[in-house]
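Student: Here's a structure for you.
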Amino acid sequence: MRYYRSHVMVCTSPQCVDKGARTLMKRLQEELAAQGLADEVAVLETPHIGDCANGPEIMVYPDRVHYAGLTLEDLPSLVEEYFKKGRVVTRLLSQFRPPVDKELGPPKPKEVRVVLRNCGKIDPENIEDYIAEDGYQALAKVLTEMTPEQVIEEILASGLRGRGGAGFPTGRKWQFCRAAAGSPKYVVCNADEGDPGAFMNRRVLEGDPHSVIEGMIIAAYAIGASYGYIYCRAEYPIAVRTLREAIRQAREYGFLGQNILGTDFSFDLEVRMGAGAFVCGEETALMASIEGKRGHPRTRPPFPAVSGLWGKPTNINNVESYAVVPQIILKGSAWYASMGTATSKGTKTFALAGDVNNTGLIEVPFGITMREIIYDVGGGIKGGKGFKAVQTGGPMGGCLPAAYLDVPVDYESLTSAGSIMGSGGMVVMDEETCMVDIARFFMEFIQDESCGKCIPCRVGTRHLLEILERICAGLGKPDDIEELEHLSSLIRRSSLCGLGQGAPNPVVTTLRHFRSEYEAHIYDKRCPAKVCRALIRYEIDPAFCTGCTLCARNCPVNAISGERRQPHTINQELCTRCGICKQVCKFDAVTVS
């Protein structure tokens, strides 16, 4: 394989081609050869750089120097000055600045981007862009300088833990799989991201697919696997398309297939699409789905590292886990272990959502506090309202009140607080949130996604949901709280898989930290947050009502009556508590109690 000191990417978008990009590319190659640089500088195509309106344009790596508006007459002096003498030709520099990635944006305060380092910076469908950012150098190092055991030791020393939720040490998983008897062995990437509002994995797959592929190849070398699967949900069509193109290019460049980089190591992989079942994020259900069976979990042991796909040793890691492996190999385990806490090393991506100003993807080092994430990275609560709770870990996570804002975000601390890390969902809630309704919302999702294989989860979650719905409807009974606690304990102890075992978490944590809200719903028949319709009452304050009739004209059930310029009233028997009257009132005359 030939190595070059520089790669020149020539934009071949239709707009640049119309302006002579292909002729320019040919003449540039001729000029480099004429000046004796053909063996030092590679000239390649790229589908898009960004300044096509001022094309033809080129991007030179690894310096990331962007030239635009080039003519054939510019080439001799450009090659002479830049490629031979190392002087940037300022008159030919592009003034184009790429648009800010809408999902990521520029790094926010206290962010450290390791997993997301390339997202928004490179063309994910161009392998050359990834190579220019040190792509596949880790693979080359592993195959030429390290034994499989040395690779595993490096991952162990880094302290990398699984990012799918459980936080199991990645290196130990690899150790177990390598030591397991049986052949062939498989490597699987769990990209079945099912948490509502979470899109960490999708962003990596769409923005930097080769980092995941390279990480999987390194893992395969370490454990002795010959084939792999990326299990990605079908609701991510762009990710699936990008992955398939990246796999094709990796094969073309010799990073996948037989005798990778001229060694005796061979490995290939493919994308398998899931149908969107949340339970298939559980690794035994995921493997059943890959095998063409219904996505049901099974009891463990045996664990996948011993008996996985088709009964063979299988290593399963999350997208984020694989994506960081190449950087650990290149920069060393000490570099990675220098970030984070004593037991939780490195960084973690989160999908920050809810009542916070800066929603979207973030990546922060472990050990940062919840307060720093919400107020420094997230920009604080929307509308200047008060903070009430944050839910971490997706629908099976826990809701933590303000007392936990200064708890460091790591695996052990969140578990001690009653929540979980999960895959990285983080929902912030303001003071106007009803925590009983939040528990009902997440339980509705969990119950709907239960596979139904085991009775505690199938029946227990349905009963939990029924009680929560009854409480929110104003029909709560005095013994409902005790029943919720009893059922939650039973479901946790006897469910088959992690989904059922974690299902009661939203109920348990809201009961622990917001018990007074449950009591208000059940005993006082009121919703303190004024969210649950059956427990609120809309009234018109005659001191503020001007009789404009705007509320009466917008009421969908004609529950408001009154003469023009006279105070109006609401018929409580007809009122559906939709809140439209309060929304349209210009005089703050409508009150909620």
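The values are calculated or read from the model by the stated rules, or taken from the named source; none is laboratory data. A quick note: this is a predicted structure, and the numbers were derived from the prediction, not measured. Glycine gets a Cβ as well: all are built from the backbone with ideal geometry, and neighbour counts include every protein chain shown.
Student: Among what's in the stretch 533-578 and is surrounded by 15 or more Cβ atoms within 10 Å (Cβ to Cβ) and among the small types (Gly, Ala, Ser), pick the residue that is nearest to residue 520 (Cα to Cα).
Tutor: 559
Residues checked against (1) small (Gly, Ala, Ser); (2) buried (at least 21 other Cβ atoms within 10 Å of the Cβ); (3) within 27 Å of residue 296 (Cα to Cα):
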| site | (1), (2), (3) |
| --- | --- |
| 369 | no, no, no |
| 372 | no, no, no |
| 397 | yes, yes, yes |
| 419 | yes, yes, yes |
| 454 | no, no, yes |
| 470 | no, no, no |
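Student: Now for a different question. Among the residues of the stretch 242-259, are any modelled with pLDDT of 95 or more and touching a Lys or Arg at 6+ places or on another chain (Cβ under 7 Å)?
Tutor: Looking for residues that are modelled with pLDDT of 95 or more and touching a Lys or Arg at 6+ places or on another chain (Cβ under 7 Å), one finds at least one in the stretch 242-259, hence yes.
Student: In the stretch 169-185, what residues are assigned to a helix (DSSP H, G or I) and either free of Cβ contacts under 8 Å to residues at least 24 places away in the same chain or among the β-branched types (Val, Ile, Thr) (or both)? Step through it out loud before you land on a result.
Tutor: Let us first name the residues in the stretch 169-185 that are assigned to a helix (DSSP H, G or I), namely 170-179.
If the condition is that a residue be assigned to a helix (DSSP H, G or I) and either free of Cβ contacts under 8 Å to residues at least 24 places away in the same chain or among the β-branched types (Val, Ile, Thr) (or both), then 170, 171, 172, 175, 179 are the ones that fit.
Student: Filter the stretch 126-161 down to the residues that are hydrophobic (A, V, I, L, M, F, W, C), farther than 20 Å from residue 335 by Cα and in contact with a helix residue (DSSP H, G or I) (Cβ under 8 Å, 6 or more places away or on another chain) and list them by number.
Tutor: The first filter runs over the stretch 126-161 and keeps only residues hydrophobic (A, V, I, L, M, F, W, C), leaving 127, 131-132, 138-140, 142-143, 146, 151-152, 155-157, 160.
If we keep only those that are farther than 20 Å from residue 335 by Cα too, we end up with 127, 131-132, 143.
Across the stretch 126-161, the qualifying residues are 127, 143.
Student: Helices (runs of 4 or more DSSP H) wholly in the stretch 100-168 with at least 1 residues that are within 25 Å of residue 50 (Cβ to Cβ) and modelled with pLDDT of 90 or more - which ones?
Tutor: It comes to 127-132.
Student: Kindly indicate whether any position in the stretch 502-512 is more than 30 Å from residue 286 (Cα to Cα), outside any loop (DSSP other than H, G, I, E, B), out of contact with any strand residue (DSSP E or B) (no Cβ under 9 Å at 6 or more places or on another chain) and not assigned by TED's automatic domain parsing to the domain that holds residue 394.
Tutor: The answer is yes; a qualifying residue exists.
Student: Restrict the check to the stretch 270-290 and report whether at least one residue is assigned by TED's automatic domain parsing to the domain that holds residue 193 and under 28 Å from residue 141 (Cα atoms).
Tutor: Yes, some residue in the stretch 270-290 is assigned by TED's automatic domain parsing to the domain that holds residue 193 and under 28 Å from residue 141 (Cα atoms).
Student: May I ask you to verify whether residue 450 is in contact (Cβ under 8 Å) with a residue 24 or more places away in the chain and small (Gly, Ala, Ser)?
Tutor: Judged against the criteria, residue 450 is a match.
Student: May I pose another question? Output the residue which, of all residues in the stretch 241-268 that are in a helix (DSSP H, G or I) and in contact with a Leu (Cβ under 8 Å, 6 or more places away or on another chain), is nearest to residue 178 (Cα to Cα).
Tutor: 260
Student: Here's another thing I want to ask about it. Taking the condition of being closer than 22 Å to residue 329 by Cα and surrounded by 24 or more Cβ atoms within 10 Å (Cβ to Cβ), how many residues in the stretch 229-254 meet it?
Tutor: 3
Student: Related question: Return yes when residue 278 is within 16 Å of residue 320 (Cα to Cα) and either at pLDDT below 95 or of a type in the set (S, T, N, Q) (or both) and no when it is not. Spell out how you get there, then give the answer.
Tutor: On the way: within 16 Å of residue 320 (Cα to Cα): no; either at pLDDT below 95 or of a type in the set (S, T, N, Q) (or both): yes.
No: the conditions fail for residue 278.
Student: Of the residues in the stretch 209-240, how many are part of a loop (DSSP other than H, G, I, E, B) and under 20 Å from residue 315 (Cβ atoms)?
Tutor: 3
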